[in-house]
Amino acid sequence: MKYLKRELNLLGVFCIASGAMISSGLFILPGLAFAKAGPAVIVAYLLSAALCIPTLLSTAELTTAMPRAGGDYVYIMKGFGPVIGTMAGFSSWFSLSLKAAFALIGMGAYLTLLTNLPLNTIALFCCLFFILLNLIGVKEAVRFQVILVIGLLVVLFTYVILGFKEVNPSNFHPFFPEKIDSVFTTASFVFISYGGLTKVAALAEEVKNPGRNLPLGMFLSLLVVTIIYGLVIFVTVGVLDPQNLRTTLTPISDGAGVFGGDLLRIIVSIGAFLAFISTANAGIMAASRYPLGMSRDKLLPRLFQEISPTFKTPYVSILFTGLFMVAVILLLRLELLVKVASSILIILFLLANLTLILFRESKILSYRPKFHAPLYPYLQIIGIFGGLFLLIEMGSFVVFLTIIFLLLGLAWYKIYVQKRVSVDSALIYALERLVSKDKELTSDTILVELKDIVVRRDELVEDKFHRLIEEGKVLDIEGPVKLEDFFKQCSELLAKELNQPSKILFQKLIERENDTSTVIRKGLAIPHIIVQGENIFKILLVRAKTGIIFPSDQIVHIAFVLAGSPDQRNLHLKVLAAIAQITQDTEFDKKWLGAANLNELKNAVLLAKRHRDKHF
């Protein structure tokens with residue numbers, strides 16, 4: 001599989017997430033939202049931000065566990081399987097593309113203040129520019145994004161500082177001109193304003209040190225953007241005539257014109273244009289990774305996996321997404337566009353919280369996030385019920401359109417995906433723990449995938465010890481077993497691996513144990529023997545849940561049985577050192593005994609912390 005290059009740092013993550021949020025949600029929606037809630041529109045924005053927190057924490061954990069191109073699609077696919085994964089992948093791509101298309105509409109609305117160019121012409125040229133920029137490379141696109149976001153923040157803080165002293169307190173009375181319900185309805189309406197927050201996860205494969213930079217970048221982004229939304233909307237409500245604010249599509253520029261004249265109005269309009277550019281740029285950058293991730297999982301044709309050999313970018317996905325952004329502008333009305341995108345976004349946020357619960361409860365050892373969401377599962381439950389509440393507030397027609405879209409995703413699964421994909425998921429593992437004793441529900445593909453993701457994420461060196469564990473056999477013993485019976489089982493397995501008589505191997509194991517006990521510490525033994533031949537070394541992993549009865553009534557639950565030829569003495573010592581490092585971890589015994597199957601037993605060793613040497 002071809003991977004994308006890691007080039008995004010913390011500043012890049014922050015600017016992509018912030019740029020994806022600060023655009024139409026701030027420069028167009030406040031007027032439409034004010035018409036619904038009056039001055040309480042400020043509360044609606046803050047409420048939407050608060051409801052993002054559980055999903056932010058869940059996304060941070062899931063993405064640091066699975067930093068792959070495709071973001072929320074990746075972990076929803078791994079959590080729920082290909083049916084929900086297909087619908088989630090299309091939904092994520094669709095909602096993010098809609099938000100970027102919404103930004104193109106915003107460009108047209110603000111550029112009418114500066115030029116007479118038609119909206120379609122503006123959208124076409126801007127989209128072509130973004131396509132070209134993203135085709136050249138993510139580093140160039142991110143540099144452009146950083147400049148845009150820093151410039152935008154300077155403009156917005158200038159607007160707040162100059163406008164604060166011009167605020168008219170009477171504009172805030174009455175604060176709740178409509179029923180309190182209008183605040184919740186408006187919160188669901190403006191929820192898309194925060195839609196870009198978690199979409200930076202789609203670029204996780206390209207983030208340096210994703211375990212730190214992804215969660216920290218998203219946290220900082222939500223904090224800064226929420227503060228900006230609150231301050232800017234407060235000033236706008238305070239300086240604009242309420243009747244004008246209800247009908248305008250350029251509320252921030254209109255507010256700037258009230259206390260700053262034409263000069264500040266133009267500056268803010270330029271800032272708005274920068275915001276729309278940053279959202280469209282971040283939108284196409286993140287949205288284009290969804291077809292790539294879906295294609296890797298065979299949910300879309302292989303064509304979408306194509307990566308430019310020169311620029312290392314998924315050029316087919318970028319072209320497809322960019323063209324869709326232009327097309328969608330011509331098909332949907334502005335307010336309906338916002339509502340459908342918000343509705344889909346809320347569903348994806350629900351699934352993110354559910355997916356975290358699934359992975360936690362599945363107890364998959366290969367699930368190893370760098371960040372752990374606090375207050376589990378209470379925040380996730382709050383996020384789920386908060387999302388359901390907002391979804392109800394969207395209205396039946398919008399929910400109906402959203403269901404139609406999801407059904408189209410299901411139809412694609414039936415027509416194209418079902419005959420090509422058959423994978424397990426965290427949901428199956430969770431069910432297995434509840435209802436199955438035979439471990440027959442799963443195929444272990446998710447264990448292999450998660451292990452490979454962690455190896456790449458942490459840049460783990462696949463040294464000789466790593467390969468020996470991957471190639472080695474695993475013996476899982478349920479009931480209590482005497483030492484001689486245990487050695488007989490080991491001898492029979494090793495005889496097939498070494499092509500040597502099992503009786504001789506058995507005798508060597510007995511003699512080695514009689515000579516000196518191989519029990520290293522309580523519960524752990526490392527029986528090791530020398531065998532005839534050259535370039536031979538094998539490791540047998542053993543778990544004995546009830547225990548192996550060693551001499552002096554020592555009970556062993558973990559055993560590494562080693563067999564090597566005389567010329568592999570140095571390797572033998574290095575393997576012993578690696579095992580010692582791994583088993584020093586106070587959590588290792590718990591992980592070992594709690595592993596669901598043989599693959600998880602191997603992964604407990606493969607992913608453990610230890611010194612790795614590429615020359616080993």
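Could you list, in sequence order, all residues of the range 490-500 that are surrounded by fewer than 18 Cβ atoms within 10 Å (Cβ to Cβ) and out of contact with any helix residue (DSSP H, G or I) (no Cβ under 7 Å at 6 or more places or on another chain)?
Lys496, Glu497, Asn499
Looking only at the range 597-616, count how many residues are under 21 Å from Val448 (Cβ atoms), part of a loop (DSSP other than H, G, I, E, B) and in contact with an Asp or Glu (Cβ under 7 Å, 6 or more places away or on another chain). Talk me through it step by step, then tell me what you get.
Within the range 597-616, the first condition is being under 21 Å from Val448 (Cβ atoms), and the residues that meet it are 597-610, 612.
Checking which are part of a loop (DSSP other than H, G, I, E, B) leaves us with 597, 607-610, 612.
Then drop every residue that is not in contact with an Asp or Glu (Cβ under 7 Å, 6 or more places away or on another chain), which leaves 597, 608-609, 612.
Residues meeting the conditions: 4.
Can Phe259 be described as touching a Phe, Trp or Tyr at 6+ places or on another chain (Cβ under 8 Å) and assigned to a helix (DSSP H, G or I)?
No; evaluated as a whole, the condition is false for this residue.
Of the residues that sit in the range 158-189 and are in contact with a Pro (Cβ under 8 Å, 6 or more places away or on another chain) and part of a helix (DSSP H, G or I), which one is farthest from Ile227 (Cα to Cα)?
This residue is Asn171.
Hey, can you tell me all the residues within the range 251-273 that are modelled with pLDDT under 85 and surrounded by 20 or more Cβ atoms within 10 Å (Cβ to Cβ)?
Ser269, Gly271, Ala272, Phe273 - these are the residues of the range 251-273 that are modelled with pLDDT under 85 and surrounded by 20 or more Cβ atoms within 10 Å (Cβ to Cβ).
On the basis of being assigned to a helix (DSSP H, G or I) and surrounded by fewer than 24 Cβ atoms within 10 Å (Cβ to Cβ), does Ile53 make the cut?
yes
Looking at this structure, is Val326 more than 24 Å from the chain's Cα centre (by Cα) and modelled with pLDDT under 80? Please lay out each step first, then the result.
On the way: more than 24 Å from the chain's Cα centre (by Cα): yes; modelled with pLDDT under 80: yes.
So Val326 fits the description; yes.
What's the number of the condition Arg68 fails, among (1) surrounded by fewer than 24 Cβ atoms within 10 Å (Cβ to Cβ); (2) at pLDDT below 90?
(1)
Within the range 71-86, how many residues turn out to be part of a helix (DSSP H, G or I) and either surrounded by fewer than 24 Cβ atoms within 10 Å (Cβ to Cβ) or touching a strand residue (DSSP E or B) at 6+ places or on another chain (Cβ under 8 Å) (or both)?
Going through the range 71-86, the residues part of a helix (DSSP H, G or I) turn out to be 72-80, 82-86.
Filter once more, so that each one left must be either surrounded by fewer than 24 Cβ atoms within 10 Å (Cβ to Cβ) or touching a strand residue (DSSP E or B) at 6+ places or on another chain (Cβ under 8 Å) (or both): 80, 82-84.
Total satisfying the criteria: 4.
Select from the range 263-309 the residues that are β-branched (Val, Ile, Thr) and outside any loop (DSSP other than H, G, I, E, B) and write down the one among them that is nearest to the chain's Cα centre (by Cα).
Only one residue tops the list, namely Ile284.
Can you work out which of the residues in the range 368-416 that are of a type in the set (Gly, Ala, Ser) and more than 21 Å from the chain's Cα centre (by Cα) is nearest to Ile453 (Cα to Cα)?
Among those that are of a type in the set (Gly, Ala, Ser) and more than 21 Å from the chain's Cα centre (by Cα), it is Ala411.
Condition first: at pLDDT 90 or above and of a type in the set (A, V, I, L, M, F, W, C). Now tell me which residues in the range 35-51 satisfy that.
Selection gives Ala35, Ala37, Ala40, Val41, Ile42, Val43, Ala44, Leu46, Leu47, Ala49, Ala50.
With among the aromatic types (Phe, Trp, Tyr), assigned by TED's automatic domain parsing to the domain that holds Lys473 and within 45 Å of the chain's Cα centre (by Cα) as the only criterion, which of Phe506, Phe550, Phe537 stands out? Give the steps one after another, and end with the answer.
Values: Phe506 fails: within 45 Å of the chain's Cα centre (by Cα); Phe550 fails: within 45 Å of the chain's Cα centre (by Cα).
Every option except Phe537 fails the conditions.
Which numbered condition in (1) more than 24 Å from Lys208 (Cβ to Cβ); (2) assigned to a loop (DSSP other than H, G, I, E, B) is the only one that Lys5 fails?
Among (1) more than 24 Å from Lys208 (Cβ to Cβ); (2) assigned to a loop (DSSP other than H, G, I, E, B), the lone unmet condition for Lys5 is (1).
Can you name every residue in the range 278-297 that is surrounded by fewer than 24 Cβ atoms within 10 Å (Cβ to Cβ) and closer than 18 Å to Ile105 by Cα?
Those that are surrounded by fewer than 24 Cβ atoms within 10 Å (Cβ to Cβ) and closer than 18 Å to Ile105 by Cα: none in the range 278-297.
I'm told Gln568 meets every condition in (1) out of contact with any strand residue (DSSP E or B) (no Cβ under 8 Å at 6 or more places or on another chain); (2) assigned to a helix (DSSP H, G or I) except one. Can you identify the failing condition by its number?
The number of the failed condition is (1).
Do we find that Asn168 is farther than 27 Å from Val316 by Cα and touching a strand residue (DSSP E or B) at 6+ places or on another chain (Cβ under 7 Å) in this structure?
no
Taking Leu223 and the conditions (1) surrounded by fewer than 19 Cβ atoms within 10 Å (Cβ to Cβ); (2) touching a residue at least 60 places away in the same chain (Cβ under 8 Å), which numbered condition does it fall short on, given that it satisfies the others?
For Leu223, the exception is condition (2).
Are there any pairs, at least 6 apart or on different chains, whose C-beta atoms fall under 7 Å, with the first in the range 149-168 and in the same structural domain as Gly230 (by TED's automatic domain parsing) and farther than 21 Å from Asp241 by Cα and the second part of a helix (DSSP H, G or I) and hydrophobic (A, V, I, L, M, F, W, C), and if so, which?
Final answer for the pair search is Val149/Cys15; Gly151/Leu274; Leu152/Leu274; Leu152/Ala275; Val155/Ile267; Val155/Val268.
Looking only at the range 554-587, which residues are over 15 Å from Ile520 (Cα atoms) and in contact (Cβ under 8 Å) with a residue 12 or more places away in the chain?
Passing the criteria: Ala563, Gly564, Ser565, Pro566, Asp567, Gln568, Leu571, His572, Lys574.
Does Thr586 count as assigned by TED's automatic domain parsing to the domain that holds Asp476, at pLDDT below 90 and either closer than 17 Å to Leu493 by Cα or loosely packed, with under 15 Cβ neighbours inside 10 Å (or both)?
Working: assigned by TED's automatic domain parsing to the domain that holds Asp476: yes; at pLDDT below 90: yes; either closer than 17 Å to Leu493 by Cα or loosely packed, with under 15 Cβ neighbours inside 10 Å (or both): yes.
Spelling it out, Thr586 is indeed assigned by TED's automatic domain parsing to the domain that holds Asp476, at pLDDT below 90 and either closer than 17 Å to Leu493 by Cα or loosely packed, with under 15 Cβ neighbours inside 10 Å (or both).
Every residue in the range 202-239 that is among the hydrophobic types (A, V, I, L, M, F, W, C), part of a helix (DSSP H, G or I) and closer than 30 Å to Asp452 by Cα, please. Before you say what the answer is, go through the steps one by one.
As a first pass, look at the range 202-239 and keep what is among the hydrophobic types (A, V, I, L, M, F, W, C): 202-204, 207, 214, 216, 218-220, 222-225, 227-228, 231-235, 237, 239.
Next cut, part of a helix (DSSP H, G or I) only: 202-204, 214, 216, 218-220, 222-225, 227-228, 231-235, 237, 239.
Ala202, Leu203, Ala204, Leu214, Leu216, Met218, Phe219, Leu220, listed by residue number.
The values are calculated or read from the model by the stated rules, or taken from the named source; none is laboratory data. Note that the coordinates shown come from a computational prediction; the quantities given were computed from them, not determined experimentally. Note that we place each Cβ from the backbone using ideal geometry, even for glycine, and neighbour counts take in every protein chain shown.
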